[in-house]
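Data first, discussion second: the structure below is written as structure tokens.
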Amino acid sequence: MTAKDAGALEKAAGLLPAGTRVNVTFLAGEDSALRVHAARVIRRLGFRAVPHVSARRLTSERELMRYLSALADAGAAEEVCVVGGDPARPAGPYEDAPALIRTGLLARSGVRQVSVAGYPEGHPHIPPAELWRALEDKHRALLEQDLGMTVITQFGFDAAPVVRWLGELRARGIRSPVRVGVPGPVGVKRLLRYARRFGVNSSAGIVRKYGISLTNLLATAGPERFVERLRGQLDPARHGDVRLHLYTFGDLPASARWAHEHRSARTP
Ligand SMILES: NC(=O)C1=CN([C@@H]2O[C@H](COP(=O)(O)OP(=O)(O)OC[C@H]3O[C@@H](n4cnc5c(N)ncnc54)[C@H](O)[C@@H]3O)[C@@H](O)[C@H]2O)C=CC1
Ligand SMILES: Nc1nc(=O)c2c([nH]1)NC[C@@H]1CN(c3ccc(C(=O)N[C@@H](CCC(=O)O)C(=O)O)cc3)CN21
């Protein structure tokens with residue numbers, strides 16, 4: 001969710017089990033006070049807040065420390081998600097997520113668990129070898145600081161690359177839990193707009209398989225087919241702890257309803 005979605009979360013809270021992790025974005029044009037407020041609401045409702053920190057969007061160490069201490073005051077600093085950030089140039093001292101993690105400032109502010117991004121289909125501007133190196137750096141640095149790591153993946157429309165990527169992740173010795181990012185049900189037009197913006201493969205054949213009809217852009221598309229295929233190809237012994245992360249993309253109630261309706265009896 002974004003910080004603006006706190007009210008929507010309050011209304012949808014009954015659909016989600018206690019302890020559900022709820023991530024709060026760190027995008028351009030947002031207000032940190034509002035992000036902290038959202039984290040507070042998440043905690044009050046009995047969920048676990050996972051506020052994001054975008055390395056390149058931070059203008060100073062002071063900004064980071066203020067944000068982390070405000071989160072700690074809200075009881076929401078235990079778990080954060082650190083991403084690089086889309087700006088072409090860092091706005092301040094942190095070049096990328098590994099650099100921010102290496103400062104050690106997270107652990108000192110009470111953080112215990114850090115989510116980082118994973119890219120089963122690669123990234124439009126970052127070569128795969130660089131993505132793997134960064135992921136291994138982050139894994140090593142977090143381990144050294146005795147912090148837990150979770151990987152949240154970029155969303156996509158094809159389950160096959162996710163399964164292959166999970167195989168490679170485990171082959172590289174990374175056993176951290178993975179939350180496979182999927183969009184909650186949203187309008188097809190909006191979904192394709194986000195895919196284009198983030199460089200997510202949305203070729204006609206692949207989106208059709210996902211359940212999108214390009215002749216009906218007014219329709220809504222959810223991740224059920226993707227999730228079914230993923231489930232069918234996962235081997236817990238080989239792929240480890242794998243769950244879902246829903247990107248709400250402006251319609252939190254739809255994601256909450258989807259989670260409520262599709263939650264399997266097996267996963268708490
Ligand atoms: N999956 C997701 O939820 C999200 C993905 N992203 C974007 O994906 C990109 C990579 O993020 P992380 O995996 O956290 O990277 P990272 O910070 O761990 O860095 C991975 C590698 O890519 C380089 N890098 C990072 N940001 C870059 C950028 N904007 N342009 C060019 N090179 C960059 C780094 O120097 C490093 O070598 C960022 O632009 C990030 O904002 C952002 C937010 C969410
Ligand atoms: N490269 C990259 N950069 C990102 O910023 C990014 C990704 N990838 N992958 C997915 C995540 C999730 N992101 C988002 C983006 C927007 C909303 C959102 O709710 N946005 C709007 C409303 C929706 C609309 O009208 O388009 C908002 O209220 O700000 C949520 C998650 C951004 N993310």
Qualifying positions in region 42-63 - without any contact (Cβ under 8 Å) to a residue 60 or more places away in the chain and surrounded by 18 or more Cβ atoms within 10 Å (Cβ to Cβ)
Ile42, Leu45, Phe47, Ala49, Pro51, His52, Val53, Ser54, Ala55, Arg56, Arg57, Leu58
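Yes/no per residue for (1) away from ligand 2 (no atom under 16 Å from the Cβ); (2) part of a loop (DSSP other than H, G, I, E, B):
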| position | (1), (2) |
| --- | --- |
| Ile174 | yes, yes |
| Arg179 | no, no |
| Arg193 | no, no |
| Arg196 | no, no |
| Val207 | yes, no |
| Leu214 | yes, yes |
Top-ranked residue in region 69-105 [being within 16 Å of ligand 2 (Cβ to nearest atom) and either of a type in the set (Gly, Ala, Ser) or modelled with pLDDT under 95 (or both); ranked as surrounded by the most Cβ atoms within 10 Å (Cβ to Cβ)]:
Ala97
Considering residues of region 193-221 that are within 17 Å of the chain's Cα centre (by Cα) and in contact (Cβ under 8 Å) with a residue 24 or more places away in the chain only, the residue nearest to Ala160 (Cα to Cα)
Val200
Suppose the filter is buried (at least 17 other Cβ atoms within 10 Å of the Cβ), within 16 Å of ligand 2 (Cβ to nearest atom) and not basic (Lys, Arg); does Pro183 pass it?
yes
Among the residues of region 97-126, which ones are in a loop (DSSP other than H, G, I, E, B) and either touching a Lys or Arg at 6+ places or on another chain (Cβ under 7 Å) or among the aromatic types (Phe, Trp, Tyr) (or both)?
Tyr119
Going through (1) surrounded by 15 or more Cβ atoms within 10 Å (Cβ to Cβ); (2) of a type outside the set (Lys, Arg); (3) within 19 Å of Met149 (Cα to Cα); (4) in contact with a strand residue (DSSP E or B) (Cβ under 7 Å, 6 or more places away or on another chain) one by one, Ala39 fails only at (3)
Of Arg263, Arg197, Arg257, Arg190, which residue is within 30 Å of Ala38 (Cβ to Cβ), within 15 Å of ligand 1 (Cβ to nearest atom) and either at pLDDT below 95 or surrounded by fewer than 20 Cβ atoms within 10 Å (Cβ to Cβ) (or both)?
Arg197
Within region 29-48, identify whether any single residue is under 23 Å from His125 (Cβ atoms), in contact with a helix residue (DSSP H, G or I) (Cβ under 9 Å, 6 or more places away or on another chain) and part of a loop (DSSP other than H, G, I, E, B), and answer yes or no.
yes
Conditions first: (1) closer than 16 Å to Asp158 by Cβ; (2) part of a loop (DSSP other than H, G, I, E, B). Phe249 passes all but one, so which condition is the exception?
(1)
Just give me the residues in region 57-68 being within 16 Å of ligand 2 (Cβ to nearest atom) and in a loop (DSSP other than H, G, I, E, B), in sequence order.
Leu58
Restricting attention to region 127-153, the residues that are assigned to a helix (DSSP H, G or I) and either of a type outside the set (Lys, Arg) or within 12 Å of ligand 1 (Cβ to nearest atom) (or both) number exactly 16
Name the pairs whose Cβ atoms lie under 9 Å apart, with the first residue in region 110-123 and at positive phi, the second within 11 Å of ligand 1 (Cβ to nearest atom) and not in a loop (DSSP other than H, G, I, E, B), and 6 or more positions between them or separate chains?
Gly122/Pro128; Gly122/Leu131
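The values are calculated or read from the model by the stated rules, or taken from the named source; none is laboratory data. Keep in mind the model is a prediction, meaning the values are calculated, not measured. Cβ: placed from backbone, ideal geometry, glycine included. Neighbour counts: every protein chain shown.
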